[in-house]
Amino acid sequence: MSVLPLLDIGLALLVVAVAAWTIAARNLFASVLGYVAYGLLLALVWVRLHAPDIALTEAAVGGGVTGVLLVTAGKRLDALKATRSGAGPGLRERIVAGALSALVAGALAFVVASLPTPAPSLAPQAAAAAAGPGAGLGNPITAVLISYRAFDTMLEKIVLLLAVLGIWSVGADDAWGSAPAPLRRARPDGAMVLLARILAPIGALIGVHIFWVGADAPGGAFQGGALLAAMWMVAMMARLLEAPRIGSRALRLALISGPAVFLTVGLAGNILAGSFFAFPPGFAKPLILFIEAFMVLSVAVALPMMVAGPPDGESKP
Amino acid sequence: MNPSLLAGLVGAALVGLGLYGLIAHPHPLRKLLAFNLVGSGVFLVFGVVARRGAAAGYAFDPVPQAMVITGIVVAFAASALAVALILRLAVAGGDVSLDPQASGRRDDGEAE
Amino acid sequence: MSVLADLFSLAAVGAGVFFFIAGTAGLLRFPDSLTRLHALSKADNLGLGLVVLGLIPRAENPLAALKLVVVWALVLLSGASTAQLIGRVLRRGRE
Amino acid sequence: MSSGAPHRKRFSWARLAFFFLFWLVIAGWSARDIPVGALAAVAALWVSQKLLPSAGARVRAGPLFVLAVRLLRGSLAAGVDVARRALSPRPDLLPGFVACPLTLPQGAARDVFCLLQSLMPGTLPTGAEEGRALVHGLDLSQPIAANFAAEEALFKGAIGDE
């Protein structure tokens, strides 16, 4: 019984130490590796906060996909031989920055320690949403995402779309419509290829499972989609698949399918159930799963396209 | 010390560490990493709020938790956009300096 | 019967923990990154395998037991693959 | 049996069955989930065929069983070996690289073989170059190259590549 608090404190110290390492590390690569480890440790903290859904998202997106994004960016910078980044601030500025950061952290810690009791909570409303418009969902977080705060979730899908568009538009003008550069230039090692060949189908299967159980248990469209995205990226890193041309119609349809279906069902709710994003009684769960299936597709396609970066005009499909 | 207070303090420390890295590192990718630390610290504080708001039969308040999930994905999208801009800066300027004096070739970056 | 199963679990999990500790000892004591890689991949694979073996009698049904084996197989696959990849990077770094 | 096409089809069924069983293992048995599991298995099969088209290797049960036993025994020996070296008063090591000739052609079979070798005692392949696997050994006083060649012959027997 008394081991758990010690484990908590150990975990907390470890998370802060690894975070400090990512800041202090000499080179970018070491820092990124530290960040991936940090993401996985942070997922454990989320588990301790009774937030397994966030833990899954943090492990997949915060640790894995962000790690691949940064490692790929570092390799591309190396290839550009653009390593000069200017001098850092001097010792005096560092001390001032450190003191100010400590002040901010201290103030935040004070606020956290003096949060009001009893804590304000929207849980009753969420419970009502899970019982009412989100009927049949055992996972309150999915109920909140798709029913109670459906608008936020839909706009977040549009943010993903905007980010992809923003990244594509950063590319050179004459490269428009072509494929992004491959994630790795070098020929991959046999061990990497084998790992991708075995892991990718199994990971895809697990991704579908996480999406499917998300209605009633930890998991859901984001987590499942992020896992599928990670598997696609593993296959791209092994050079078994290449990123599609950004002009591809299938790619564009997949990208917009999530928000489009979400919006269409929302508008249909206006007519059939009386208000925007209201689900007709009795159809809530199948409709929600229908929306989520397309959200999975959008997330699974959007994340790798963001990592792959702007079209590069060189790689022929 | 209960786990949620501890996690809140960790969140505060992460915000401080990230803030320092954001100011102190000259390399934009390192700045981006530090900024992600700040972000996850804020999420953690939000998670503490969610944990404290346990009510209606749940061990947590699902609303902030759902928003953290949305937040993580949006933060990733922002990071990916930042990476694309940094790489473009490197292609255009030949280096990744954010210091306008340090880079001589910045102005003719458009002429490719 | 259940006492026997408990004893089996205890022995297997204990042996697994022993190999984890041995792997960590190797990580700390071996002279270079390549030898440390051996220590981690081999001792921890066996350690996890023994832990899984010890937990199998406690699984609710055969599918749950198989799930434990699957976890082990996935860790084995990813551990062995990344060990080879890291080893390659280290070898290239030496040449 | 000699033509490629029916063989390839049979092999796909085996993979499909594997993925469906995998679904059952992670999802548990529930009648409501079975259709989704079947769909997921088909999706996984599609991914798998895309990344590694079935080559039609004639896997034989007997040698495969021998291989599996050797693998399990090898992993056990590898763990014990490393534990002994790590816990002995002075780490008992003679590390170094050995270039072992590979007769398996480049491809999935060779990659699987290298993966298995990385689980064996004292050896860690670190990539292949020009038909040779560069194996890192913990103890160069052991016959690493000879063991490697013997294991490769056994492996080729198991996958039906004589």
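The values are calculated or read from the model by the stated rules, or taken from the named source; none is laboratory data. What you see is a predicted model; the values in this text were computed from it and never measured. Note that each Cβ is placed from the backbone with ideal geometry, even for glycine, and that neighbours are counted across all protein chains shown. Keep in mind that these areas ignore ligands, DNA and RNA; they rest on the heavy atoms of the full protein, side chains included. Shrake-Rupley method; radii C 1.70, N 1.55, O 1.52, S 1.80 Å.
Descriptive notes on the structure:
- The helix-only estimate of mean residue ellipticity at 222 nm for the protein assembly as shown, built from DSSP H runs of length n ≥ 4 each weighted as -39500 (n - 2.57), is -23000 deg cm²/dmol after division by the residue total.
- Taking Cα atoms only, the orientation of helix C:44-55 departs from the longest principal axis of chain C by about 10 degrees.
- Taking the protein heavy atoms of the protein assembly as shown in the context of the full set of protein chains, the accessible area attributed to carbon and sulfur is 70 percent at 1.4 Å.
- Ranking D:V112, A:F283, B:A13 by Cα position along the charge dipole of the protein assembly as shown, where only Lys, Arg, Asp and Glu carry charges on their C-beta atoms, puts D:V112 farthest toward the positive end.
- Trypsin sites (Lys or Arg not before Pro) within the range A:1-108, DSSP loop, no more than 14 other Cβ atoms inside 10 Å: A:R26, A:K81
- Accessible area ranking (1.4 Å probe, heavy atoms, ligands and nucleic acids excluded), largest first, for A:Y35, A:Y148: A:Y148, A:Y35.
- Highest-MSF residue in chain A out of A:A25, A:A200, A:A179 [GNM, Cα springs under 10 Å]: A:A25
- Under the span-like rule (Cα at least 18 Å along the axis, Kyte-Doolittle mean at least 1.0), DSSP H helices of chain A: A:3-24, A:28-48, A:91-113, A:150-169, A:190-213, A:221-237, A:249-272, A:284-308
- 14 Å Cα-Cα reach of A:K157 towards aspartates and glutamates, excluding residues that sit fewer than 8 places from it in its own chain: A:E292
- Taking a quarter of the surface of the Cα convex hull of the protein assembly as shown gives a mean projected area of 34.8 nm².
- For the range A:216-264, the Rg and Dmax computed from alpha carbons only, in angstrom: 13.4, 38
- When the Gaussian network model of chain A links Cα atoms closer than 10 Å, the mean-square fluctuations of A:L227, A:L162, A:L289 top out at A:L162.
- A:F110 contributes an accessible area of around 140 Å² to the protein surface, as traced by a 1.4 Å probe with all chains present.
- Angle in degrees between helix D:61-87 and the longest Cα principal axis of chain D, rounded to the nearest 10: 40 degrees
- Per-residue SASA remark: A:L287, around 40 Å² accessible (1.4 Å probe; ligands, DNA and RNA not included).
- Of C:I86, A:I23, C:I21, the order by accessible heavy-atom surface (1.4 Å probe, DNA, RNA and ligands excluded), from most exposed downward, is C:I21, C:I86, A:I23.
- Residue among A:A175, A:A97, A:A260 with the largest mean-square fluctuation in a Gaussian network model of chain A, springs linking Cα atoms under 10 Å: A:A97
- Taking a straight Cα-Cα cut-off under 17 Å and skipping sequence neighbours fewer than 8 places away in the same chain, the aspartates and glutamates within cross-link reach of D:K50 are A:E242.
- Think of each Lys and Arg Cβ as +1 and each Asp and Glu Cβ as -1; about the Cα centre, that makes the dipole of chain B roughly 460 debye.
- With the charge dipole of the protein assembly as shown set up from +1 on Lys and Arg Cβ and -1 on Asp and Glu Cβ about the Cα centre, the Cα lying farthest toward the positive end among the listed residues D:L52, D:S30, D:F97 is that of D:F97.
- The magnitude of the dipole of the protein assembly as shown, with charges of +1 and -1 set on the Cβ of Lys/Arg and Asp/Glu and taken from the Cα centre, is near 920 debye.
- Gained length - D:E130 relative to D:F65, 0.36 nm times residue gap less alpha-carbon distance: 20.3 nm
- Taking every C-alpha pair closer than 8 Å and separated by at least 6 residues, the mean separation divided by the residue count of chain C gives a relative contact order of 31 percent.
- Taking the range C:1-33 and a reference point 7 angstrom along Cα→Cβ of D:L87, the backbone N atoms nearer than 20 Å belong to C:8-31.
- Among beta bridges identified by DSSP and lying wholly in chain D, the antiparallel ones come to about 90 percent.
- Placing +1 on the Cβ of every Lys and Arg and -1 on the Cβ of every Asp and Glu, with no other charges, gives chain D a dipole of roughly 560 debye about its Cα centre.
- For the protein assembly as shown, with +1 on Lys and Arg beta carbons and -1 on Asp and Glu, the positive-most of A:A300, A:V144, C:L63 along the dipole: C:L63
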